[in-house]
Amino acid sequence: MIQLKKGHIWFAKEQVDLLFGDEEKVNLVYYPDRQTLLIAARSKLFFEKMHKTTWAVLKLRNLNGDKTISIQDLILDNDLDETDRTLTYDLKNTGILSIEL
């Protein structure tokens, strides 16, 4: 389960391991027309070349190993719903995570 909590995308440890491994940084891009946020591990160089990305740090949130990415600026800049909730997502076979905001 991926959640939006207080302007942060929250990943459980199991998801972090599956999606990002030991990486501490990710690339991301938001497409307002689709209301979709795409995220990939920093090592996925093709993702950075295909999209105009920014990078973010995965911050450790608890002793369980859960991590978050801050998207507070993205929420404000695009007037998105900031309500805490579970997010709908899809993991592409390329390792790109697509999240509906």
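Only the coordinates and a few stated rules stand behind these numbers; no lab work does. Since the structure is predicted, the reported quantities are computational estimates derived from the model, not experimental observations. Please note: Cβ atoms are built from the backbone with ideal geometry, for glycine as well, and neighbour counts cover all protein chains shown.
Remark on THR36: its backbone amide H falls under 5 Å from those of TYR31, LEU101, a criterion applied only to residues 5 or more positions apart or on other chains, H modelled at 1.01 Å from N.
Determine the calculated [θ] at 222 nm for the chain from helices alone, applying -39500 (n - 2.57) to every DSSP H run no shorter than 4 residues and normalising by the residue count; nearest 500 deg cm²/dmol.
Rounded to the nearest 500, it is -5000 deg cm²/dmol.
The calculated FRET efficiency for the pair LEU63 and ASP90, based on their C-beta separation and a Förster distance of 25 Å, comes to about 0.30. Partners of LYS5 within straight-line reach, counting aspartates and glutamates whose Cα lies under 12 Å from its Cα and excluding those fewer than 8 residues away in the same chain: ASP81, GLU82, ASP84.
Looking at the stretch 1-38, the trypsin sites (Lys or Arg not before Pro) that sit in a DSSP loop and have at most 16 other Cβ atoms within 10 Å of their own Cβ are LYS6, ARG34.
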